[in-house]
Structures are given as structure tokens and as C-alpha cells.
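Participant: I have a structure here, written as C-alpha cells, and I will follow up with some questions on it.
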Amino acid sequence: MAPQFEPLKNDLLLRTARGEKVERPPMWVMRQAGRYLPEYHEAKGDHDFFECCRSPEIASTLTLQPIERFEGLIDAAIIFSDILVIPQALGMEVIMVDKKGPHFPEPLQSPEDKQYQEVMERQVDVKESLDYVYKAITVTRQKLKGRVPLIGFCGAPWTLLAYMVEGGGSKMFIQSKTWLFRYPEESKALLQKIAEACVEYLALQVQAGAQMIQVFDSWAGELSPTSFRSFALPYLTYIADKLPPRLKELGLERVPMTVFAKGAWYALADLCNSNYDVIGLDWLHDPAEAYKVARAKGKTLQGNADPGVLYGGREAITAVVKEMVAGFGQGKQGWIANLGHGITPFVKPDDLKFFFEEIHKYTTS
């Protein structure tokens, strides 16, 4: 039996994503549930990061913290989880190392690597292996009581491949580029395997209660335009093309879909030609120029303040908000206000609150 939820009281985000006329732009920010909040550390306690992800109760508590702290200022919650749960479902070990980030003790070495064959031959059961994510989504939807929509997400195939072969974050991407240029066909086979897992994972998130989804291609900007079109875009497109029919098979309505290809400023037109409803922008885009391209294709944009402005004081925040509002069609239609990436460490919650208040101030007059 499908979970039951209270009616949605604030559907501004969903209406904007679908291209409908709205009274003001909706607003949320990436990593809005995270370590910059003192209450995050209290709720997390002694649990490590992935333990928090695997506990539906802790994950739902963390998801709701910014909704409660910034009540009335933000228009969406995003489930507390991580993009690297897909590699875990593919059979790879991922741990979170304090002050370093995610670490794969045994990254993929080459297509001759036994682990590569095991990953490729594995019958991936994201329903069972990632059940804790779906439980967290359902619990969170119930706790939200319709206050705002809940966003589900996954990592993009290229970004996940990069983590799987680098063994963690990277500055040089030596292993990733080795794979793409030395083993292009094996890379594409792995990317396709990941993309198929992503479709099913997202569909089950919607079944559990997610009302919108976002695909994070965090390392897209490490690719040249040519490499992006070979190793990233086809698999992003696959997800956008295959998710709606999979939802239909499950008896579910299509939900709005967002793609965020960080750093791939050159790919805006290509992404606008895809079946994603919303194109997320990092801070490398000029709002007015991007808006012109996206609106010609009937797409909604999301973004794109530099998260670093939150360190810069209120005058700087106001200036960035004004630039965004002016560039994104006076903020009235086709824009979801957001940062151009996630909230960075040591941001003061009151400065983020001021950012939210300034968006409201300059878009509701």
C-alpha cells in the first residue's frame, strides 16, 4: 500500500518547475541541511556520516532542520543522503573520513580489475540495498505535513565513475581521465550501468514520496565540451528520458526533474534540449545570458549565487541578489532561487537567513 501524506500547502516549487505562472520565485539551497547548522552536530552526535544516511529517523531530522529554522523563507526540503549510495549499491565500499571526505578503500583500477567485472555483472537491487533512503523519504514527507515539497536526488553517472576510479575527491582527475581516454568503451559500459541504477533509484524515491528529483553532476566541469558530450550528456539524457516511463510503469505521475552540471557552462544549450524541466546553474553563468537561452527553450533555471558571497557580509549578499533578480527576468517567472553550489563550511546561519530575506524582499514587491 502506498504511503499516505497530507496535502501540499506550498506547491510553488513544483509549479515553477513545470513552467507555470507564479507569484514569486521559490527558493531553497543545496546542502541546506548540513554542518553549518549547530543543530546538525547535535542530532548527528557520534554517528558517522553514512550512519546518519542509513538511519531514517536521523536523516529525516536533519532534512527538516533548515525547514524549521528558516520557516516561511524556503520552499523545499531535500532529503539528507549522499550521491555515493549508488556505488555502494553496486558493491563498492565507501567510507567517510573525517576532515577528508569520502574514500573508496579499493577503487576500480582498470577494466582488467576483478572488481570491475563484478560491478558490471552484478544484478543491482537498489530496492533492497537502498531501502533506508526510501524509508527516510517516507518518514520525512509525513513529518513535513505538506509544508513544502520534498526533493530526492542522485549523483550523475560521470561524477560517480570519477569517485569510483579516483577513490575519492580529486584535483587532477588522473585516474578518471585515464579511464575515459584509454578505456572509452569500458567507461561507457560502466556509465550505462550506473545510469540504469540511477533511473530505478530515482523512481523508487518518487514511490516513497519524493515530489521532485535532482541529478548532481558535480564533476561535469572537469570535462571538455567534447568529452562532456561523449561521457556525461548521453547518460544524463538517458536518466531524463527513462525515468518518466518507469514512473508510469509503477503507476506514478511524472515529477519535475532538475539537472545540475557544475562547471559545464558550455553545455547550457545541450541541457536545455534535454527532457529535464529545470537546469541548475553554478556561479560561472551570467544570469541574464543564461535566462535568455533557457527561456527560448521553455526551461526553468535554478541558481546561481556564488556560495562564497555568504562570507562577504550583507552588502555583498544584497548586490548578488539584485544581480540575480535583474538577470532572471526580474525574478518573476522561470527561476528557482538558489546558490550556485552547496553551502560551504563555517557559513553563519544568520547570513544565509539574510540571503533568503533579500530574495523575498526583491521579488515580492
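Participant: Return the residue satisfying two criteria in turn: it lies in the range 172-187 and is under 25 Å from the mean Cα position of the chain (by Cα) and not in a helix (DSSP H, G or I), and of such residues it is nearest to residue 156 (Cα to Cα).
Facilitator: Here the answer is 173.
Participant: Here is a follow-up. Among the numbered criteria (1) closer than 23 Å to residue 283 by Cα; (2) open to solvent by 60 Å² or more (accessible area, probe 1.4 Å); (3) not aromatic (Phe, Trp, Tyr); (4) not in a loop (DSSP other than H, G, I, E, B), which one does residue 16 miss?
Facilitator: Going through (1) closer than 23 Å to residue 283 by Cα; (2) open to solvent by 60 Å² or more (accessible area, probe 1.4 Å); (3) not aromatic (Phe, Trp, Tyr); (4) not in a loop (DSSP other than H, G, I, E, B) one by one, residue 16 breaks only (2).
Participant: Only one residue in 163, 183, 132 is open to solvent by less than 40 Å² (accessible area, probe 1.4 Å), farther than 21 Å from residue 218 by Cβ and among the aromatic types (Phe, Trp, Tyr). Which one? Break it down into steps so the answer makes sense when it comes.
Facilitator: Working: 163 fails: farther than 21 Å from residue 218 by Cβ; 183 fails: open to solvent by less than 40 Å² (accessible area, probe 1.4 Å).
Just one listed residue meets the conditions, 132.
Participant: Please go through the range 180-214 and pick out each residue that is touching a residue at least 60 places away in the same chain (Cβ under 8 Å) and of a type in the set (Phe, Trp, Tyr).
Facilitator: Scanning the range 180-214 gives 183, 201.
Participant: Shifting gears a bit: Which pairs have Cβ atoms under 7 Å, sit 6 or more apart or on different chains, and link a residue in the range 51-62 that is in contact (Cβ under 8 Å) with a residue 60 or more places away in the chain to one that is polar (S, T, N, Q) and not in a helix (DSSP H, G or I)?
Facilitator: Pairs that qualify, where the first residue is in contact (Cβ under 8 Å) with a residue 60 or more places away in the chain and the partner is polar (S, T, N, Q) and not in a helix (DSSP H, G or I), are 53/81; 59/81.
Participant: Examine the range 315-325 for a residue that is in contact (Cβ under 8 Å) with a residue 24 or more places away in the chain and within 18 Å of residue 14 (Cβ to Cβ), and state whether such a residue exists.
Facilitator: no
Participant: Being of a type in the set (A, V, I, L, M, F, W, C), open to solvent by less than 20 Å² (accessible area, probe 1.4 Å) and not in a loop (DSSP other than H, G, I, E, B), is that true of even one residue in the range 340-350? Can you show your working first?
Facilitator: As a first pass, look at the range 340-350 and keep what is of a type in the set (A, V, I, L, M, F, W, C): 343, 346-347.
So of that shortlist, the ones also open to solvent by less than 20 Å² (accessible area, probe 1.4 Å) come out as 343, 347.
Filter once more, so that each one left must be not in a loop (DSSP other than H, G, I, E, B): none.
Scanning the range 340-350, I find no residue that is of a type in the set (A, V, I, L, M, F, W, C), open to solvent by less than 20 Å² (accessible area, probe 1.4 Å) and not in a loop (DSSP other than H, G, I, E, B), so the answer is no.
Participant: Limited to the range 296-320, what total is found for residues that are part of a helix (DSSP H, G or I) and within 22 Å of the chain's Cα centre (by Cα)?
Facilitator: Let us first name the residues in the range 296-320 that are part of a helix (DSSP H, G or I), namely 296, 307-311, 314-320.
Still in the list and also within 22 Å of the chain's Cα centre (by Cα): 307-310.
Total satisfying the criteria: 4.
Participant: State whether one or more residues within the range 294-301 are without any contact (Cβ under 8 Å) to a residue 60 or more places away in the chain and closer than 23 Å to residue 38 by Cβ.
Facilitator: No: the range 294-301 contains no residue that is without any contact (Cβ under 8 Å) to a residue 60 or more places away in the chain and closer than 23 Å to residue 38 by Cβ.
The values are calculated or read from the model by the stated rules, or taken from the named source; none is laboratory data. The model shown is predicted, which means the values in this text are computed figures rather than measured ones. Glycine also receives a Cβ, built like all others from the backbone with ideal geometry; neighbour counts cover every protein chain displayed. Side chains are part of the model used for accessible areas, which takes the heavy atoms of the whole protein and leaves out ligands, DNA and RNA. Shrake-Rupley method; radii C 1.70, N 1.55, O 1.52, S 1.80 Å.
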